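Input: a single structure, listed below in structure tokens.
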Amino acid sequence: MMLSAFDIFKIGIGPSSSHTVGPMRAALMFVRSLEAQELLARAARVQVELFGSLGATGRGHATDQGVLLGLMGEAPDTVDPARAAAQVAGVRRDKRLPLLGTHAIEFDPQRDIAFLGERSMPEHPNAMRVAAFDAAGALLREAHYFSVGGGFVVEGGAEAPATSVHAVALPFPFGTGDELMAHAAAQQRSIASLVLANECAWRPEAEVRAGLLRIWQVMQDCVERGFGIDNAQAAEPLPGALHMRRRAPELHRSLSAGGAGADPLAAMDWVNAFAMAVNEENAAGGRVVTAPTNGAAGVVPAVLHYYVKFVPGASEAGVIDFLLTAAAIGMLYKTNASISGAEVGCQGEVGVACSMAAGALAAAQGGTPRQVENAAEIGMEHNLGLTCDPVGGLVQIPCVERNAMGAVKAINAARMALRGDGSHYVSLDTVIRTMKQTGEDMKSTYKETSLGGLAVNVVEC
């Protein structure tokens with residue numbers, strides 16, 4: 001069963017795909033199941049338990065807000081970020097929650113959402129249990145969900161329907177990088193064209209292209225909001241106890257006014273600005289594209305903006321090729337390793353995003369499939385072992401700057417690969433396998449628990 005490009009690039013809201021988007025989807029799935037089983041009208045109480053990483057850092061990642069929005073019937077790709085805070089505040093104030101927006105029950109978030117970070121489930125560190133009871137206290141339904149990264153949700157050990165609708169015969173199925181390279185060599189086609197052909201097995205080509213351009217538009221809108229364009233909130237500190245000020249608006253103003261002068265590395269400043277704009281907007285709960293996760297949402301858009309702004313001959317066709325190629329690389333990591341910081345550390349988030357962006361930029365600039373694979377491999381090889389240690393459980397330090405660093409690294413990886421002939425010693429499959437093994441060996445304190453690294457040392461300073 002193959003993934004689609006639209007599984008890798010999903011529209012959602014910040015600050016976290018695994019801790020906000022995934023729990024929101026899980027909560028929405030639960031109330032929809034109550035409705036389908038004709039249990040919704042009988043529900044008088046809903047209880048949510050958050051385990052492992054969701055429990056440990058869920059407050060900083062707005063997991064409880066995501067759960068509340070999902071229970072109210074909101075979906076990550078359609079919820080209005082501007083209204084979300086007021087909706088959540090209303091529930092906290094009134095202690096009333098409209099399930100699916102229609103059936104109101106008594107609900108006290110402090111009582112009915114439990115953060116159990118000290119308890120884990122063996123299936124995955126991002127686990128949650130949702131249970132509904134009738135007025136007499138009898139259990140109507142309970143379910144366990146696992147937020148496995150990038151907004152993907154697994155229910156009770158089986159893929160949720162929303163992530164397993166792609167069981168169709170594809171012209172070029174691939175599960176490894178070697179298989180993808182074999183298709184490219186046999187067909188004498190680019191990776192982007194192979195992925196496009198696969199996507200057309202599920203939907204018309206015009207719909208695929210329009211969907212990818214919508215993804216690109218959301219990325220552009222996110223950067224503009226992060227720059228403070230028609231967004232008054234960009235002048236406010238980011239939410240949370242750190243009270244971090246946004247830096248992207250000031251950097252954008254300086255660069256737009258020619259503040260970099262004749263600096264030959266001014267393009268790097270723009271890449272930094274693009275990446276930080278996205279991740280500051282993500283930290284504020286704005287709309288982003290999981291690419292492949294929210295915590296790493298700034299890398300791919302920053303490199304794609306770099307392509308459009310600084311690469312001669314950049315075109316809409318190049319943008320589509322970029323996204324299709326990036327999606328193919330993301331599929332390989334999702335299938336053979338992980339894109340969850342709670343499972344393998346930040347190498348699975350910013351590291352994967354760097355790999356995706358590096359390969360995609362090489363493709364958009366006319367690189368051969370082997371050069372694309374080389375760029376993607378370089379992008380991950382030099383992110384191996386990258387830990388996930390968000391200070392205060394917030395997707396701010398080191399996440400915002402880390403996206404900028406990942407974007408610059410991706411551009412350099414693409415340039416290195418394009419200067420070669422595509423031959424390289426370490427294959428993409430090898431580096432993916434190594435990343436997975438490294439994640440398995442990594443201590444849990446460095447996997448999105450905020451129990452190690454900067455998350456504890458910054459507080460001590």
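The values are calculated or read from the model by the stated rules, or taken from the named source; none is laboratory data. Model, not experiment: these values are computed from the prediction. So basically every Cβ, Gly included, is an ideal-geometry build from the backbone, and we count neighbours across all protein chains shown. These accessible areas exclude ligands, DNA and RNA; they are computed on the full protein's heavy atoms, side chains included. Shrake-Rupley method; radii C 1.70, N 1.55, O 1.52, S 1.80 Å.
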Of everything in the stretch 48-63 that's surrounded by 24 or more Cβ atoms within 10 Å (Cβ to Cβ) and not small (Gly, Ala, Ser), which residue is farthest from residue 451 (Cα to Cα)?
48
Only one residue in 369, 398 is buried (at least 17 other Cβ atoms within 10 Å of the Cβ) and under 20 Å from the mean Cα position of the chain (by Cα), so which one is that?
398
Can you find a residue in the stretch 31-38 that is open to solvent by less than 40 Å² (accessible area, probe 1.4 Å), touching a Pro at 6+ places or on another chain (Cβ under 8 Å), in contact (Cβ under 8 Å) with a residue 60 or more places away in the chain and not in a strand (DSSP E or B)?
no
Among the residues of the stretch 256-291, write down those that are in a helix (DSSP H, G or I), under 28 Å from residue 21 (Cα atoms) and not hydrophobic (A, V, I, L, M, F, W, C).
272, 279, 280, 281, 282
Among the residues in the stretch 250-270, are any under 23 Å from residue 365 (Cβ atoms), hydrophobic (A, V, I, L, M, F, W, C) and buried (at least 21 other Cβ atoms within 10 Å of the Cβ)?
no
Restricting to the stretch 255-291, what's the tally of residues that are of a type in the set (Ser, Thr, Tyr) and farther than 17 Å from residue 395 by Cα?
1
Here are the criteria: (1) under 12 Å from residue 8 (Cβ atoms); (2) free of Cβ contacts under 8 Å to residues at least 24 places away in the same chain. Tell me which single one residue 327 does not satisfy.
(2)
Going by the structure shown, is residue 303 within 22 Å of residue 396 (Cα to Cα), among the β-branched types (Val, Ile, Thr), open to solvent by less than 10 Å² (accessible area, probe 1.4 Å) and not in a loop (DSSP other than H, G, I, E, B)?
yes
Quick check, is residue 234 modelled with pLDDT under 95, out of contact with any strand residue (DSSP E or B) (no Cβ under 6 Å at 6 or more places or on another chain), open to solvent by less than 40 Å² (accessible area, probe 1.4 Å) and farther than 30 Å from residue 317 by Cβ?
yes
Can you pull out every residue in the stretch 319-337 that is surrounded by fewer than 24 Cβ atoms within 10 Å (Cβ to Cβ) and under 22 Å from residue 404 (Cα atoms)?
319
Verdict on residue 6 being buried (at least 24 other Cβ atoms within 10 Å of the Cβ) and either among the aromatic types (Phe, Trp, Tyr) or in a helix (DSSP H, G or I) (or both):
no
Flagged pairs (Cβ under 7 angstrom, 6 or more apart or on separate chains; first in the stretch 170-189, in contact (Cβ under 8 Å) with a residue 60 or more places away in the chain and surrounded by fewer than 16 Cβ atoms within 10 Å (Cβ to Cβ); second of a type in the set (Ser, Thr, Tyr) and not in a loop (DSSP other than H, G, I, E, B)) are 175/335
Selected residue (only one of 431, 408, 458 is hydrophobic (A, V, I, L, M, F, W, C) and surrounded by fewer than 16 Cβ atoms within 10 Å (Cβ to Cβ)):
458
Condition test on residue 43, is it open to solvent by 20 Å² or more (accessible area, probe 1.4 Å) and over 20 Å from residue 151 (Cα atoms)?
no
Give me the pairs: first residue in the stretch 103-117 and free of Cβ contacts under 8 Å to residues at least 12 places away in the same chain, second residue in a strand (DSSP E or B) and not acidic (Asp, Glu), beta-carbon distance under 7 Å, and six or more apart or on different chains, which are they?
104/96; 104/97; 104/98
